[in-house]
Amino acid sequence: MTALLSVQNLTLHRGSRRILDDVSFDVPKGGTLALVGESGAGKSTIAVALMGLLTRAEASVEGKAILEDTGDLFTLRPRAWTRIRGRRLAMIFQDAGAALDPCYTVGGQIVSTLRRNLGLSRKAARARAVELLESVGIPDAAARLGAYPHELSGGMQQRVMIAIALSGNPALLFADEPTSALDVTIQAQIMRLILDEVRAHGSSCIFVLHDLALASQSCDEVVVLYAGQVMEAGDAKTLLSDPRHPYTALLKSCVLEIGTAELTPPEGSVPSYDAMPAGCRFATRCPNALPRCAGEKPPLVPRDGRNVACWNPVGVPKAEAA
Ligand SMILES: Nc1ncnc2c1ncn2[C@@H]1O[C@H](COP(=O)(O)OP(=O)(O)OP(=O)(O)O)[C@@H](O)[C@H]1O
Ligand code: SF4
Ligand SMILES: [Mg+2]
């Protein structure tokens, strides 16, 4: 499949900390990709870097992010970013309640976004805002335009965020943990809504998710991240059904199943960014670790229909692995 966005060797430092280490992946055109990994893996950092929301004072970025018809995002000047943000790229944030401005009605926030991004008149923007709220399942949409965010439930706030993000018809949507602040029934509705809307608009979407099972059910591709490094990347169903990387296998073992007698959480935690192994960052917790792992970084290479960075993958005879 053609790539809408190709992220190549993205490395990001905050001071002396290498928060992202040589991250590469492609986002298929019209497809969905999930960034998966535990807290601190760098998932949101990738999203905000690709949205151009990091300043040079906050972080230094190396590598490329080639967006179709635009070129390398990391070479864009601030004025060019304001032209594509909201139009070609848009973001649904984790906590809609915090992302919406509490001082303005939701209608006011959608109308001002439409006027700025699409240059619509006030009247046309208002009519479009009603259509957008209806399309994301908000009942009595015209009346809801006058509501302040605190007057809406968490699920309704997230629907408003989705309407705002989709209002510029973006080619690529980022959805950073879009359902984790919601209860489970609303979570399923919102995931369904985002997937339906993305498909209807022909957009691509990068989801940021903790949950490998949700990622494999919802997305075409999965990129598994650990401490800022890509561990395994490829077709979502293949990765969950038959992981090659020990970390993907560990994440899979954390997927809860109804009727499972015992819960065995993985031991240890992600090392501090000040004391990362020079080689594979998973080496301190890996059940398959070899003497070379902590010092020599495994390259991300094709294996069994996906890309894997590991000297000793799961299900591969030792002699063949290294
Ligand atoms: N503004 C910041 N200043 C300094 N360090 C930061 C900042 N934001 C994130 N970090 C660090 O960068 C690393 C990656 O953080 P990031 O928020 O991208 O992880 P994440 O995978 O999104 O985690 P979570 O699942 O908890 O949202 C973490 O170690 C975090 O502490
Ligand atoms: S490279 Fe070594 S430490 Fe890293 S995941 Fe593979 S076996 Fe484990
Ligand atoms: Mg995050």
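Please verify whether the range 152-162 includes one or more residues that are in contact with a strand residue (DSSP E or B) (Cβ under 8 Å, 6 or more places away or on another chain) and over 18 Å from D101 (Cβ atoms). No - not one qualifying residue is present in the range 152-162.
For the range 28-53, residues that are on the phi < 0 side of the Ramachandran plot, in contact (Cβ under 8 Å) with a residue 24 or more places away in the chain and within 16 Å of ligand 3 (Cβ to nearest atom) total 15.
Yes/no per residue for (1) assigned by TED's automatic domain parsing to the domain that holds G228; (2) more than 13 Å from Q229 (Cα to Cα); (3) within 16 Å of ligand 3 (Cβ to nearest atom); (4) at pLDDT below 95:
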residue: M276; (1), (2), (3), (4): no, no, no, yes
residue: R281; (1), (2), (3), (4): no, no, no, no
residue: R292; (1), (2), (3), (4): no, yes, no, no
residue: L300; (1), (2), (3), (4): no, no, no, no
residue: R306; (1), (2), (3), (4): no, yes, no, no
residue: A309; (1), (2), (3), (4): no, no, no, no
residue: V316; (1), (2), (3), (4): no, yes, no, yes
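Among residues of the range 275-288 that are over 17 Å from L300 (Cα atoms), those with a Cβ under 7 angstrom from a residue that is within 16 Å of ligand 3 (Cβ to nearest atom) and in a loop (DSSP other than H, G, I, E, B), sequence gap 6+ or separate chain, pair up as M276/A227. Consider the range 124-173 and keep the residues that are assigned to a helix (DSSP H, G or I) and charged (D, E, K, R). The one that is least open to solvent (accessible area, probe 1.4 Å) is R159. Here is a check on your reading of the model: is G40 within 15 Å of ligand 1 (Cβ to nearest atom) and assigned to a loop (DSSP other than H, G, I, E, B)? When the stated conditions are applied, G40 passes them. Within the range 62-76, identify whether any single residue is open to solvent by less than 20 Å² (accessible area, probe 1.4 Å), in the same structural domain as D176 (by TED's automatic domain parsing) and farther than 29 Å from H245 by Cα, and answer yes or no. Scanning the range 62-76, I find at least one residue that is open to solvent by less than 20 Å² (accessible area, probe 1.4 Å), in the same structural domain as D176 (by TED's automatic domain parsing) and farther than 29 Å from H245 by Cα, so the answer is yes. With the structure loaded, tell me whether I206 is within 17 Å of the chain's Cα centre (by Cα) and part of a helix (DSSP H, G or I) or whether it fails that test. It is false that I206 is within 17 Å of the chain's Cα centre (by Cα) and part of a helix (DSSP H, G or I).
Listed here are the residues, each with its yes/no results for (1) more than 16 Å from ligand 3 (Cβ to nearest atom); (2) open to solvent by less than 10 Å² (accessible area, probe 1.4 Å); (3) at pLDDT below 85.
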{"site": "D183", "(1), (2), (3)": "yes, no, yes"}
{"site": "I186", "(1), (2), (3)": "yes, no, yes"}
{"site": "H201", "(1), (2), (3)": "yes, no, no"}
{"site": "F207", "(1), (2), (3)": "no, yes, no"}
{"site": "L214", "(1), (2), (3)": "no, no, no"}
{"site": "E221", "(1), (2), (3)": "yes, no, no"}
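Determine whether A261 is farther than 30 Å from S16 by Cβ, more than 20 Å from the chain's Cα centre (by Cα) and at pLDDT below 95. For A261, the condition - farther than 30 Å from S16 by Cβ, more than 20 Å from the chain's Cα centre (by Cα) and at pLDDT below 95 - is met.
For the range 77-131: of the residues being polar (S, T, N, Q) and outside the structural domain of E197 (by TED's automatic domain parsing), which is nearest to P170 (Cα to Cα)? Reasoning before the result, please.
At the first step, the residues of the range 77-131 found to be polar (S, T, N, Q) are 82, 94, 105, 109, 112-113, 117, 121.
After this cut, where a residue has to be outside the structural domain of E197 (by TED's automatic domain parsing) as well, the list is 94, 105, 109, 112-113, 117, 121.
Working: Q94: 18, T105: 23, Q109: 18, S112: 17, T113: 13, N117: 11, S121: 20 Å.
So the residue we want is N117.
The values are calculated or read from the model by the stated rules, or taken from the named source; none is laboratory data. Computed from a prediction, not measured in an experiment: that's the story for all the values here. Cβ: placed from backbone, ideal geometry, glycine included. Neighbour counts: every protein chain shown. Remember, those area values only see protein heavy atoms, side chains included, never the ligands or the DNA or RNA. Shrake-Rupley method; radii C 1.70, N 1.55, O 1.52, S 1.80 Å.
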